[in-house]
Amino acid sequence: MDTLLKETVNATVNSRYPGMAPEGRRQLEEILIRREVEKGELLLKEGQVSHNIVLVGKGMLRQFYYKNGKDVTEHFSYEGCIVICIESTLKKEPTHLMIEALEDSVVYLLPYDKLMLLTEISWEINMFYRKILEYSLIVSQIKADSWRFETARERYSQLMEQQPEVIKRAPLSHIASYLLMTPETLSRVRSGIL
């Protein structure tokens, strides 16, 4: 019995749809594929089509892309988080977003096609899927608003408050790009100059 699998399913389901009954959780466990990923390994490369939603069991991942030759971090995920490249997964098109392991990690791949079959026969799985999409939309809107309306210091404070694991575990260069600032600006923010 994979206890990490059960813990991961419970953590991710509880974060999106805590009312899901044990039967729905068991259905998810049955279709998940365990994958061990080494630090620095790309789980999804630019140009590939994403066929899975990723549940993080152990470790830390980031989604990133290249813009004008620079590496830009879009999102961090760690234990209990869900990673989805929405556009690639839903439209079945090649992605610009890549997924990289920042630590040795254990992830569970949720095949999108199998999830869609389950949504047709299980109201609870359908609700879980809907909650994943709703949460992704909300996170995207919050991030866009943060970029538009908050100062560098405010963005860093929000990250410290809402995702302290990122501050503790992610490389500063990736945190800086995620916050849309240079490493120098991040250094000044962290030291209280900005």
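Suppose we keep only residues that are in contact with a strand residue (DSSP E or B) (Cβ under 7 Å, 6 or more places away or on another chain) and open to solvent by 30 Å² or more (accessible area, probe 1.4 Å) within the stretch 151-168. Which one would you say is farthest from GLU103 (Cα to Cα)? Out of the qualifying residues, it is GLN163. Checked against the criterion of being part of a helix (DSSP H, G or I) and either open to solvent by 80 Å² or more (accessible area, probe 1.4 Å) or not β-branched (Val, Ile, Thr) (or both), the stretch 89-102 contains one or more residues that satisfy it. Look through the stretch 178-194, keep the residues that are open to solvent by less than 20 Å² (accessible area, probe 1.4 Å) and part of a helix (DSSP H, G or I), and return whichever of them is nearest to ASP71 (Cα to Cα). Out of the qualifying residues, it is LEU186. Among the candidates TYR129, TYR108, TYR156, the residue that is under 28 Å from LYS67 (Cβ atoms) and aromatic (Phe, Trp, Tyr) is uniquely TYR156. Tallying residues that are closer than 23 Å to ILE121 by Cα and open to solvent by less than 40 Å² (accessible area, probe 1.4 Å) within the stretch 17-48 yields 10.
Conditions (1) in contact with a Leu (Cβ under 8 Å, 6 or more places away or on another chain); (2) farther than 20 Å from THR182 by Cβ; (3) not acidic (Asp, Glu), marked per residue:
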residue: PHE76; (1), (2), (3): yes, no, yes
residue: LEU90; (1), (2), (3): no, yes, yes
residue: GLU93; (1), (2), (3): no, yes, no
residue: GLU134; (1), (2), (3): no, yes, no
residue: TRP147; (1), (2), (3): yes, no, yes
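In the set GLY69, GLY59, only one residue is touching a Lys or Arg at 6+ places or on another chain (Cβ under 9 Å) and surrounded by fewer than 21 Cβ atoms within 10 Å (Cβ to Cβ); that residue is GLY59. Check off (1) over 21 Å from LEU4 (Cα atoms); (2) part of a helix (DSSP H, G or I) for LEU115 and give me the number that stays unchecked. Single failed check for LEU115: (1). With respect to (1) surrounded by 15 or more Cβ atoms within 10 Å (Cβ to Cβ); (2) in contact (Cβ under 8 Å) with a residue 12 or more places away in the chain, the lone exception for ASN126 is condition (2). Being modelled with pLDDT of 95 or more, assigned to a loop (DSSP other than H, G, I, E, B) and touching a Leu at 6+ places or on another chain (Cβ under 9 Å) is not true of GLU29. Checked against (1) open to solvent by 30 Å² or more (accessible area, probe 1.4 Å); (2) under 14 Å from the mean Cα position of the chain (by Cα), PRO171 passes all but condition (2).
Residue pairs whose Cβ atoms lie under 7 Å apart, separated by 6 or more positions or on different chains, with the first residue in the stretch 38-51 and closer than 12 Å to ARG62 by Cα and the second small (Gly, Ala, Ser) and surrounded by 13 or more Cβ atoms within 10 Å (Cβ to Cβ), are LYS39/ALA101; GLY40/ALA101; GLU41/ALA101; LEU43/ALA101; LEU44/SER50. Condition check for ILE82 on (1) in contact with an Asp or Glu (Cβ under 6 Å, 6 or more places away or on another chain); (2) open to solvent by less than 30 Å² (accessible area, probe 1.4 Å): one failure, at (1).
The values are calculated or read from the model by the stated rules, or taken from the named source; none is laboratory data. Just so it is clear, the model here is predicted, and its values are computed rather than measured. Cβ coordinates were reconstructed from backbone atoms using ideal geometry, including for glycine residues, and neighbour counts include every protein chain displayed. To get the accessible areas, we keep the full protein, side chains included, count just its heavy atoms, and leave off ligands, DNA and RNA. Shrake-Rupley method; radii C 1.70, N 1.55, O 1.52, S 1.80 Å.
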